1. Taking into account only those residues within the range 8-27 that are buried (at least 23 other Cβ atoms within 10 Å of the Cβ) and under 17 Å from Tyr146 (Cα atoms), which is nearest to the chain's Cα centre (by Cα)?
2. Can you tell which of Leu225, Leu210 is modelled with pLDDT of 95 or more and more than 22 Å from the chain's Cα centre (by Cα)?
3. Considering each residue of the range 158-185, count those that are basic (Lys, Arg) and crowded, with 17+ Cβ neighbours inside 10 Å, and give that number.
4. In the range 109-139, what count of residues is obtained for those that are assigned to a helix (DSSP H, G or I), closer than 13 Å to Pro387 by Cβ and open to solvent by 30 Å² or more (accessible area, probe 1.4 Å)?
5. Between Leu186, Leu154, which is on the phi < 0 side of the Ramachandran plot and assigned to a loop (DSSP other than H, G, I, E, B)?
6. Ala300: surrounded by fewer than 18 Cβ atoms within 10 Å (Cβ to Cβ), touching a residue at least 24 places away in the same chain (Cβ under 8 Å) and not polar (S, T, N, Q), yes or no?
7. Got at least one residue in the range 319-328 being in contact with a Pro (Cβ under 8 Å, 6 or more places away or on another chain), more than 19 Å from Phe40 (Cα to Cα) and open to solvent by less than 30 Å² (accessible area, probe 1.4 Å)?
8. Of all residues in the range 389-412, which are in a loop (DSSP other than H, G, I, E, B), open to solvent by 10 Å² or more (accessible area, probe 1.4 Å) and closer than 23 Å to Glu217 by Cβ?
Amino acid sequence: MGQPHRGDEAEKPPLGVGMVGYAFMGAAHSQGWRTAGRVFDLPQRPVLAAVCGRDAQAVRAMADRHGWAATETDWRALIERDDVDLVDICTPGDSHAEIAVAALAAGKHVLCEKPLANTVEEAEAMTEAAEAAARRGQVAMVGFNYRRVPATSLARSMVAEGRLGTLRHVRVTYLQDWLVDPEFPLTWRLRKETAGSGALGDLGAHIVDLAQYLAGEPVVGVSALTETFVRVRPLPAGASSGLSAAGAAGDTAPAGAAGDTEGGAPAAGGRGTVTVDDAAVFTGRLASGALASFEASRFATGRKNALRIELNGERGSLAFDLERLNELSYHDHTEPGTYAGFRRILVTEPDHPYLEAWWPPGHALGYEHTFVHQARDLVRAIAAGQPPTPSFADGLQVQRVLAAVEESAAKNSVYTPVQA
């Protein structure tokens with residue numbers, strides 16, 4: 001199968017990318033920026049101009065590994081660079097607002113990893129800055145990469161076409177087990193001042209956004225429970241990626257799954273208190289009246305990165321499982337009962353979302369491709385002068401749902417409306 005004509009890449013105007021943060025999400029975003037222009041015919045050529053991190057030696061090694069031209073150890077210096085047109089924020093949530101607002105004020109486009117911020121107030125400030133920047137021709141997008149799985153994008157179009165009819169139920173879970181060991185160190189992801197929340201923000205932000213994206217409507221109220229199963233952990237011996245770290249005694253904890261990137265750590269020695277949730281379970285109501293259920297846990301033994309969502313409507317149902325990310329399950333309830341049932345759709349055809357530029361039918365894509373698609377969509381939005389999705393306003397709405405979950409859990413699961 002032939003590939004689309006891309007023209008002369010050297011003749012395309014460059015889009016200089018500067019990235020802050022360089023661990024797990026930094027590597028994933030690097031893959032996206034490095035690959036997008038080589039696969040898709042983009043109106044601008046992404047250039048990996050500079051990457052920033054506090055450890056000069058570590059960030060230089062990352063730059064060499066992933067193809068970044070230069071390094072910085074102060075994000076303010078990165079923002080000031082003339083060769084940086086877009087700032088990609090891959091840091092813990094406590095720095096998202098400060099970096100994003102400064103980058104937008106400096107005239108840069110911005111991509112910010114999810115969740116948008118640690119608090120609603122920070123997310124509101126970021127959204128206001130993004131709206132002001134939009135009037136100057138800048139764009140800002142939040143990185144909910146699971147929207148960029150071809151199968152979930154196809155599912156969204158099927159819902160929008162009315163194939164499910166009026167929605168009745170949405171149920172979604174995101175389960176991991178990387179915190180089960182009580183001796184896993186107290187990394188930044190387990191401290192509220194850096195992470196904002198635990199499984200709720202790390203995993204729950206993804207599933208709230210995915211549920212709202214596929215349903216095409218917001219969550220308007222929730223009733224929630226949260227729990228912290230291990231409340232005291234050993235302090236790390238040094239800096240960590242949040243998903244892996246050396247404990248105070250020198251033990252090495254296993255790596256886990258999704259999230260953002262680097263963060264500092266408390267001084268080594270002793271133990272500290274976990275100040276975020278380990279799991280969150282909540283029900284919700286969508287604007288149409290459809291009912292939703294959500295579960296996010298980093299204590300689901302045997303589950304490494306298990307995200308599953310199902311939507312039930314009057315005319316049919318759709319289900320997606322991240323562990324089978326090239327597939328959708330679809331039931332058409334309008335068919336005679338004799339033949340009805342869930343059927344597997346293999347989402348690898350060239351007319352499926354994003355797949356016009358990849359491999360022949362039946363050749364599967366993976367997790368890393370979602371970041372390539374994210375880069376593609378953002379570059380096209382910048383060139384067209386169009387607002388990208390999900391926007392900072394979308395990220396703010398997710399933040400408001402998370403805040404309602406925390407409020408409900410603190411009030412013994414009292415039904416709590418989501419701030420409009």
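The values are calculated or read from the model by the stated rules, or taken from the named source; none is laboratory data. The structure displayed is predicted, hence computed values, not measured ones. Backbone-built Cβ (ideal geometry, glycine too); neighbour counts: all protein chains shown. Please note that ligands, DNA and RNA were not included when accessible areas were found on the heavy atoms of the full protein model with its side chains. Shrake-Rupley method; radii C 1.70, N 1.55, O 1.52, S 1.80 Å.
1. Met25
2. Matching residue, one of Leu225, Leu210: Leu225.
3. Count: 2.
4. The number of residues fulfilling the criteria is 2.
5. Leu186
6. Criteria not met by Ala300.
7. First, the residues of the range 319-328 that are in contact with a Pro (Cβ under 8 Å, 6 or more places away or on another chain): 326.
From what is left, the residues that are more than 19 Å from Phe40 (Cα to Cα) are 326.
This time we only want the ones that are open to solvent by less than 30 Å² (accessible area, probe 1.4 Å), so: 326.
Yes, the range 319-328 has at least one match.
8. Quick first cut of the range 389-412, residues in a loop (DSSP other than H, G, I, E, B) only: 389-390, 411-412.
Now narrow it down to the ones that are open to solvent by 10 Å² or more (accessible area, probe 1.4 Å): 389, 411-412.
Within the range 389-412, just Thr389 meets the criteria.
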